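Bear in mind that the values in this text are calculations on the coordinates, not laboratory data. Remember, predicted model here, so these are calculated numbers, not experimental data. Every residue, glycine as well, gets a Cβ built from its backbone with ideal geometry; the counts of neighbours run over all protein chains shown.
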Amino acid sequence: MRVALVHEWLTIIGGSENVFKEITSLFPEADIFTLVAQPETVTKLGLQNHKLTTSFIQSLPFAKTKYRSYLPLFPLAIESFDLSQYDLIISSSHAVAKGVLVTSNQVHVCYCHSPMRYAWDLYHQYLTESNLNKGIKGMIAKLVLHKMRTWDIISANRVDYFIANSNYIAKRIKKVYRRESKVIYPNVATENFTLVTGKDDYYFTCSRFVPYKKISLIVQAFAQMPDKKLIVIGDGPEFEKTLKMATPNTVLLGYRPFEDLKEYMSKAKAFVFAAEEDFGILPVEAQACGTPVIAYRKGGVLETVIEYKTGVYFNEQSIQSIVNAVNEFEKTESNFDYKLIAEHANQYSTGRFRQQFYDFIKNDVLTSFTT
């Protein structure tokens, strides 16, 4: 049978791209379709041996870096792919990939990282942070997102099987699309991290500096705890603003290679995580090092962090809530078993993802397809 794999864009390497990479490893002869691609990203992901087709957006001005500006064209672009010669279509979708056109003779499986965030859950936050709450630009943005929501609902009917990356996302799929889904947690390269039981006296966080990651909030919280050291790795649009908030007990290192990130993460007394994520790969990576997690009690992290065994939670995205959680962690720090924490993280390994995804396609999808 012929297989087509669809992903929104291959321009950066994040969690969804690493999931897509593992899906392609199960289908080495499959063809790939994506709105826009960067050759160096394709090579880094090891996808260069696949036949790759991009959309017309690839040829538009500045599309390789400013492709998000073409959001209104995404539905048209994804529907422009002719997949009629394929038997099985697998989309890796957090925006529009699931919207490819299919026929009644084809089977479409969607691994859903999330329903389109900026059209649904993050709609008002997106408009506020983009200064699109008012004016002509705001009206246009609201109209575009309204149309995207309508298209998003319609295109969900083109999917035969939904796979959710967490129970959290499964609930959102049910809420938005009124569809059931199979939960298969994304792959985390736990094999790349090493258990370290000798922890140093500092806290650690890392992320891209964008608003919803709440790195600035963590930095402000540690400004209220001058006796506790925080090390931060990452860069992005909010880096300079966050740097100005930092007090002497906080060190912002900017971008660092993986080996540096791994060392700081493995030796930290705890990893602080304040974002509401669909799954949250970084907290699992921290646990793979035996590092406890101090996390915001919402999103996919509720499924990966066991309270008082692999970490502690805070209830609000606020300075005081983080301060309280750090103090609570220090009261119970001696109770954490670093080896147990690392063993817990291993259930989210790359090998586990491959096996579960393969079994689902073989036992659930193809069985019904052949009958």
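Partners of Lys44 within straight-line reach, counting aspartates and glutamates whose Cα lies under 15 Å from its Cα and excluding those fewer than 8 residues away in the same chain: Glu17, Glu22.
With the charge dipole of region 3-121 set up from +1 on Lys and Arg Cβ and -1 on Asp and Glu Cβ about the Cα centre, the Cα lying farthest toward the positive end among the listed residues Ile23, Pro61, Gln48 is that of Pro61. Which residues does a label at Asp201 reach in region 259-279, if reach means a backbone N under 18 Å from a point 7 Å past the Cα toward the Cβ? Once the point is set 7 Å along Cα→Cβ of Asp201, 267-271 turn out to lie under 18 Å by backbone N, inside region 259-279. Stretched out straight at 0.36 nm per residue, the stretch from Ile153 to Lys66 would grow longer than its current Cα-Cα span by 28.7 nm. Treating r as the C-beta distance of Gln224 and Tyr358 and R0 as 41 Å, the FRET efficiency rounds to 0.25. Residues whose amide H lies under 5 Å from that of Leu230, counting only those 5 or more places away or on a different chain, are Tyr203, Thr250, Val251; hydrogens are built 1.01 Å from N in the peptide plane. Short-range pairs are left out: with C-alpha atoms under 8 Å and at least six residues apart, the relative contact order of the chain is 13 percent. Using a simple spin-label model with pseudo-atoms 7 Å out from Cα toward Cβ, Thr194 and Arg208 lie 3.0 nm apart.
Spin-label model, Asn49 to Val183: label points 7 Å out along the Cα-to-beta-carbon direction sit 3.5 nm apart. For Ile163, the amide hydrogen comes within under 5 Å of the amide hydrogens of Cys110, Tyr111, Cys112, Lys182, counting only partners 5 or more places away or on other chains and with H modelled in the peptide plane.
Reachable aspartates and glutamates from Lys147, Cα under 14 Å, same-chain residues fewer than 8 places away excluded? Result set, ordered by chain and number: empty. A crude spin-label estimate for the pair Thr367 and Glu307, with each label 7 Å from Cα along the Cβ direction, gives 3.7 nm. The share of C-alpha pairs in region 254-346 whose separation exceeds 15 Å stands at 56 percent. Restriction of the chymotrypsin sites (Phe, Trp or Tyr not before Pro) in region 1-108 to DSSP coil positions whose beta-carbon has at most 15 other beta-carbons within 10 angstrom yields Phe62. 3J(HN,Hα) along region 53-66: 10, 9, 8, 5, 4, 3, 8, 7, x, 6, 5, 5, 10, 10 Hz, from the Karplus curve 6.51 cos²θ - 1.76 cosθ + 1.60 with θ = phi - 60°, whole Hz, x for Gly and Pro.
Summing +1 for each Lys or Arg and -1 for each Asp or Glu among the other residues whose beta-carbon sits under 10 angstrom from that of Val6 gives -1.
Between Met139 and Leu76, the FRET efficiency estimated from the beta carbon spacing at R0 = 25 angstrom works out to 0.70. Taking amide H as placed 1.01 Å from N in the peptide plane, Ile306 has its amide H under 5 Å from the amide H of Gly311, each at least 5 places away in sequence or on another chain.
Computed from backbone phi with θ = phi - 60° and the Karplus coefficients 6.51, -1.76 and 1.60, the 3J(HN,Hα) list for region 20-34 is 4, 4, 5, 5, 5, 5, 7, 10, x, 9, 6, 9, 10, 10, 8 Hz; x is used for glycine and proline. Cross-link partners for Lys229 among the aspartates and glutamates, with Cα-Cα distance under 15 Å and sequence neighbours closer than 8 places in the same chain left out: Asp200, Asp201, Glu330.
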